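Values in this text are rule-based calculations from the coordinates and carry no lab data. None of these values were measured; they are calculated from a predicted model. With ideal geometry, Cβ positions are generated from the backbone for all residues, glycine too; neighbour counts draw on all protein chains shown.
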Ligand SMILES: *Cc1c(COP(=O)(O)O)cnc(C)c1O
């Protein structure tokens, strides 16, 4: 498999190079040159999660042209098996009934959010490729709360990677912040930025755009722009499908969405032949995706803080991958559309583009109050605690149900990651799993910077100069 940039201005690369690069040099995101077909579903039924993951992902990784620079089939198989051995449920991503819906729990990894499913694999793939090739990288990432801790958990202690994570000061939950600030690994650095998540994400993009700096510190990205993450997420859509539709009939998915990385993986699974009926994009009050998908109104408004902070986003990076596809894989069309969006903080998508998007996607948004009442109802009637992000998805799924296809809702975080919002809605304090029990008492280590590129670059240089391992 070779990968091309959504802006059309970078040479095609193989998987291992795309993994390390993160963002393409022309500012675009890497996408596969073509979508590989899934193996027949009959052959996948009954496999355990790691073996399914290997079979679904191998076509994305395999690359004859990369030769020794790439990853071998047997290495890949054992890296996948290792990544999914650290999850605390034998099914890795268990699927259970919830009334008329299905719930897929994606929070059984070390940091209790779905980000672990991809990052536990991506961290190990980085380690493997860097060991084979030699050299070191600086991972610079922005997080709305969950990516940061999942990235640190995946890269902690790796001698070839320094991991610097920007988060919006005061905008994450306390548990989210402490998962980053109490990590003991010397190669991991939590940085509180005076700004919101879009500011953090923009700083990372600017740092990548500064080619001198990028080369000086060997910048690498594990934000959801990294193709490896989208690839790893494709697997659980296939997994859920096999669990709820033994006769391989169409299934719908509802996905609590921020940066559009998770739901994009569902769309990719559909491109690969998975029978998917509707993909429902669920947003909180930061509803640019709902407006875009319903009427083409892609206008960024002021980000508002909600009880589902990992979705407090107005500029969803991964939407670019979908635009590339609906614009006929025309990189310059993507480039000019995004330039118009940046210039005016908004753009109206043409009606024919909206029609194509609506062929696959539905969208809806929920207020904090509505999400709280979903949490309360699910607790009262089903005896299940869900986190506020999952609640947004459930609420939108219930509202937008149409047709007869089974609906799988993605539970993107463990309720104990957001104890205050869950307690307020249900009167129940969710219990943290054993390994995080002492987190509120551990000392915090955090750097603070203003939302300014020079300050961030200076901090990265200081961190690299001080590295002792
Ligand atoms: C990151 C995150 C989301 C949003 O996922 P995207 O891939 O950015 O759309 C939703 N819920 C939780 C709990 C998250 O951590």
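Annotations
- Extension gain, residue 330 back to residue 86 (0.36 nm per residue minus Cα-Cα distance, nm): 83.8 nm
- Legend: calculated FRET efficiency, residue 26 to residue 344, from the Cβ-Cβ distance at R0 = 22 Å, rounded to 0.05, equals 0.50.
- Likely footprinting exposure, 322, 242, 166, fewest C-beta neighbours within 10 Å first: 242, 322, 166
- Temperature 37 °C, viscosity 0.692 mPa s: under these conditions the Stokes-Einstein estimate for region 358-402, based on its Kirkwood radius over C-alpha pairs, is 301 µm² per second.
- Semi-axis lengths, largest first, of the ellipsoid equivalent to region 277-364 are 21, 16, 11 Å, with √(5λ) applied to each eigenvalue of the Cα gyration tensor.
- Global geometry of region 1-90, whether rounded, prolate or oblate, following the gyration tensor of its Cα atoms and the 1.5 cut on a/c: prolate
- Rg over Rh for region 72-167 works out to 1.04, both radii taken from alpha-carbon positions and Rh defined as the Kirkwood radius.
- 10 Å binning of all Cα-Cα separations within region 362-469, expressed as whole percents from 0 upward: 13, 30, 20, 21, 14, 3
- Label-point separation in nm, residue 352 to residue 211, each point 7 Å along Cα→Cβ: 3.5
- With eigenvalues of the C-alpha gyration tensor scaled by 5 and rooted, the chain, Å: 29, 26, 24
- Contour excess over end-to-end distance, with Cα ends at residue 34 and residue 75 and 0.36 nm allotted per residue: 12.4 nm
- Model label points for residue 43 and residue 100, set 7 angstrom from Cα along the Cα-to-Cβ axis, are 3.8 nm apart.
- Stretch gain in nm, segment residue 455-residue 420, where the contour uses 0.36 nm per residue and the Cα spacing is subtracted: 9.3 nm
- Average projected area [Cα convex hull, region 163-241], square nanometres: 7.0
- Rounded to 5, the percent of DSSP beta bridges in the chain classed as antiparallel: 25
- Global geometry of region 114-170, whether rounded, prolate or oblate, following the gyration tensor of its Cα atoms and the 1.5 cut on a/c: oblate
- Take the Cβ atoms of residue 68 and residue 186, set R0 to 35 Å, and the FRET efficiency comes out at 0.65.
- Shape class for region 296-449, computed from the alpha carbon gyration tensor (a ≥ b ≥ c): oblate, with a/c not under 1.5 and a/b at or below b/c.
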